[in-house]
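One structure is given here, and the rest of the page talks about it.
Just so it is clear, none of the values below were taken in a lab; they were calculated from the coordinates. Treat the numbers as computed from the prediction; the structure is a model and nothing was measured. Cβ placement follows ideal geometry from the backbone for every residue including glycine, while neighbour counts extend to all protein chains displayed.
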Amino acid sequence: MALRLEHRVPPPLVGAITGALMLGVAWVAPALTFSLPWRLPIAVLIALAGLALGLVAVGHFLRARTTVDPLDPGKASALVASGLYRFTRNPMYLGMATLLLAWAVWLSNLAALAGLALFVAYMNRFQIAPEERALRARFGEEFDAYCRRVRRWI
């Protein structure tokens, strides 16, 4: 069953589902809600950073004229290793995780933070690992060298 989940759920949908789960957890565990002064401006700043990460990362792919389709990484025509990709191999997913962090700050609930860990674990197993296998098959040693230089997340 688990193998069939690889590359089947678009990452933005995974992020949206995770956000909904975070809201649900915050709703059923109100005792874990805490007061956070300035939560709105903090959440907005974090969300803007996440959005910027994602948009700049997509821009790098568009400039390289390679696919941004996360469900078919085998169609990649170029290995993008410049710009944000010098610091993280997955800035689009890091942007989504940052948006979820902003959501957790807005919810101000400790249990909601677990959603962020769930998102990262799911993405590592069902999205990033299969993408890396496809990119390794497509780009070989060039991709392996890139992986040795740049971390998966941050």
Suppose R0 equals 25 Å. What FRET efficiency, 1/(1 + (r/R0)^6) with r the Cβ-Cβ distance, do Glu6 and Leu48 give to the nearest 0.05? 0.20
Karplus ³J(HN,Hα) for the stretch 56-71 (6.51 cos²θ - 1.76 cosθ + 1.60, θ = phi - 60°; Hz, whole; x = Gly/Pro) runs 5, 4, 4, x, 4, 5, 5, 5, 7, 6, 10, 5, 9, 6, x, 8
Once phi is turned into ³J(HN,Hα) by the Karplus curve 6.51 cos²θ - 1.76 cosθ + 1.60 with θ = phi - 60°, what whole-Hz value does each residue of the stretch 132-142 show in order, with x for glycine and proline? 5, 4, 5, 5, 5, 5, 7, 10, x, 4, 4
Computed ³J(HN,Hα) along the stretch 103-118: with the Karplus parameters 6.51/-1.76/1.60, θ = phi - 60°, integer Hz and x for glycine or proline, the list is 4, 5, 5, 4, 5, 6, 9, 4, 5, 5, 4, 4, x, 5, 5, 4
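Can you pull out the trypsin sites (Lys or Arg not before Pro) in the stretch 86-154 that DSSP calls coil and that have at most 12 other Cβ atoms within 10 Å? Spell out each step's value before the answer.
Working: sites: Arg86, Arg89, Arg125, Arg133, Arg136, Arg138, Arg148, Arg149, Arg151, Arg152; in loops: Arg89, Arg151, Arg152.
Listed in order of number, the matching sites are Arg151.
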For the residue pair Ala31 and Arg63, what label-to-label distance in nm results when each label sits 7 Å from Cα along the Cα-to-beta-carbon direction? 5.2 nm
So which chymotrypsin sites (Phe, Trp or Tyr not before Pro) in the stretch 35-106 pass both tests, a DSSP loop state and at most 15 other Cβ atoms within 10 Å of the Cβ? Trp38, Phe87
